[in-house]
Amino acid sequence: MSSKPKTEQNKDIEPWKWEEATWRSLVNKVRAGQSLKPKRWKNNSRVAVALSFDSDHETTTLRWGDGSPGKLSQGEYGSRSAIPRIRRVLRDNNIPASFFVPAVVAKLHPNEQRQLVSEGHEIGIHGWIHELNSSLPEQDERELMLRAADVLEEISGFRPVGMRTPSWDFSENTLSICREMALLYDSSLMADDEPYELLEDGEPTGIIELPVEWIRDDAPYLMMDRTTSLRPYTSPNSVLEIFKSEFDGAFKEGGLFLLTLHPHISGHRSRIVILEELIEYIKSFPDVWFATHSEIAQYCKDQLGLD
């Protein structure tokens with residue numbers, strides 16, 4: 001058996017039969033390295049706030065090979081109605097944010113991306129058609145990531161420096177592709193609350209992870225699919241209280257508060273209040289730094305002197 005087996009090679013072997021080299025290599029393929037949490041954030045701020053929006057739009061349907069007009073319209077709402085509301089809230093509060101955009105969405109809605117960039121927001125890589133990386137051969141994942149970066153650069157005018165894998169599906173090949181692309185950061189993994197350096201097979205990569213968490217994501221609470229048992233089960237007010245509590249913890253520890261929202265989920269009239277009231281709450285605290293993901297990653301890298 002190879003000392004660095006692939007998951008695919010082990011699929012027919014019961015995990016309890018694995019040799020130690022097998023499970024150790026799987027665990028160590030992508031791992032959290034040194035913490036990159038600074039002593040203080042920019043401008044001597046106590047807490048950093050990174051608001052992000054995954055602009056999945058129509059690709060949540062298209063990625064399954066589905067052309068249902070009803071389902072596609074649910075995604076179209078994200079661009080047609082939700083993004084303008086989100087832009088207004090961010091503009092009224094003078095807050096920059098990061099938008100992670102599948103290339104197909106960028107091609108369907110190019111002016112949306114240009115407007116966001118013109119207002120000071122960041123556009124990051126979010127796959128080609130919101131595909132699942134773990135289901136792709138390495139060469140296909142690599143080609144799609146490179147093509148997606150090219151499309152986002154062509155449309156937005158800026159080469160993306162960071163990525164968030166669709167559905168946070170980070171394959172065993174994703175990190176090596178990120179390194180090849182010389183990305184500054186990823187925001188798909190969950191090993192910490194604070195930024196950290198990614199290790200690949202125990203080797204420091206210089207790539208910064210800005211960790212996500214389902215607790216700080218709207219989808220588990222509010223997503224709806226009429227053809228499955230997936231139904232919203234949490235009120236917007238309850239979601240707001242969870243997000244406030246997460247921010248309280250970040251403020252207490254002097255850390256990072258990173259939030260993931262989806263326009264087609266949280267951009268509705270009854271839900272945009274989550275974003276509005278959360279921002280109002282956060283701004284009531286002193287020494288808060290609102291920044292894009294790229295700004296936070298670059299600050300951490302500069303403070304630690306990473307190459």
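Just so it is clear, none of the values below were taken in a lab; they were calculated from the coordinates. Since this is a predicted model, take the numbers as computed values, not measurements. Don't worry about glycine lacking a Cβ; one is built from the backbone with ideal geometry, like all the others, and counts go over all protein chains shown.
Going through Val151, Val212, Val161 one at a time, which residue ends up being over 22 Å from Gln34 (Cβ atoms) and either surrounded by 18 or more Cβ atoms within 10 Å (Cβ to Cβ) or of a type in the set (Gly, Ala, Ser) (or both)? First the steps, then the outcome.
On the way: Val212 fails: over 22 Å from Gln34 (Cβ atoms); Val161 fails: over 22 Å from Gln34 (Cβ atoms).
Being over 22 Å from Gln34 (Cβ atoms) and either surrounded by 18 or more Cβ atoms within 10 Å (Cβ to Cβ) or of a type in the set (Gly, Ala, Ser) (or both) holds for just one of Val151, Val212, Val161, which is Val151.
What residue, among those in the range 166-190 that are of a type in the set (D, E, K, R) and in a loop (DSSP other than H, G, I, E, B), is farthest from the chain's Cα centre (by Cα)? I'd like the intermediate steps shown before the answer.
If we filter the range 166-190 for residues that are of a type in the set (D, E, K, R), which is where we start, we get 169, 172, 179-180, 186.
Now narrow it down to the ones that are in a loop (DSSP other than H, G, I, E, B): 169, 172.
Numbers: Asp169: 10, Glu172: 18 Å.
Taking the candidates together, the pick is Glu172.
Considering each residue of the range 79-113, count those that are free of Cβ contacts under 8 Å to residues at least 12 places away in the same chain and either over 16 Å from Ser52 (Cα atoms) or among the basic types (Lys, Arg) (or both), and give that number. So that I can check it myself, show each step before the final result.
Taking the range 79-113 as the starting set, the residues that turn out to be free of Cβ contacts under 8 Å to residues at least 12 places away in the same chain are 80, 84, 88, 92, 94, 111.
Restricting the remaining residues to those that are either over 16 Å from Ser52 (Cα atoms) or among the basic types (Lys, Arg) (or both) gives 80, 88, 92, 111.
Looking only at that region, the number is 4.
Give the residues of the range 191-216 that are polar (S, T, N, Q) and in a loop (DSSP other than H, G, I, E, B), sorted by residue number.
none
Residues that are of a type in the set (A, V, I, L, M, F, W, C) and within 20 Å of the chain's Cα centre (by Cα): which helices (runs of 4 or more DSSP H) entirely in the range 1-119 hold 1 or more of them? Walk me through how you get there before you give the answer.
Details: elements: 20-28, 59-62, 69-77, 83-92, 103-108, 110-118.
Counting at least 1 such residues, we get 59-62, 83-92, 103-108, 110-118.
Here is a yes/no grid of residues against (1) in contact with a helix residue (DSSP H, G or I) (Cβ under 8 Å, 6 or more places away or on another chain); (2) farther than 12 Å from Val47 by Cα:
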residue: Ser245; (1), (2): no, yes
residue: Lys252; (1), (2): no, no
residue: Ser266; (1), (2): yes, yes
residue: Ile272; (1), (2): yes, yes
residue: Leu275; (1), (2): yes, yes
residue: Ile282; (1), (2): yes, no
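Would you confirm whether any residue within the range 114-136 is surrounded by 18 or more Cβ atoms within 10 Å (Cβ to Cβ), among the charged types (D, E, K, R) and in contact with a helix residue (DSSP H, G or I) (Cβ under 7 Å, 6 or more places away or on another chain)?
The answer is yes, given that some residue of the range 114-136 is surrounded by 18 or more Cβ atoms within 10 Å (Cβ to Cβ), among the charged types (D, E, K, R) and in contact with a helix residue (DSSP H, G or I) (Cβ under 7 Å, 6 or more places away or on another chain).
Within the range 42-49, can one find any residue that is small (Gly, Ala, Ser) and surrounded by fewer than 19 Cβ atoms within 10 Å (Cβ to Cβ)?
The initial filter retains those residues of the range 42-49 that are small (Gly, Ala, Ser), namely 45, 48.
Still in the running and surrounded by fewer than 19 Cβ atoms within 10 Å (Cβ to Cβ): 45.
Looking through the range 42-49, at least one residue is small (Gly, Ala, Ser) and surrounded by fewer than 19 Cβ atoms within 10 Å (Cβ to Cβ).
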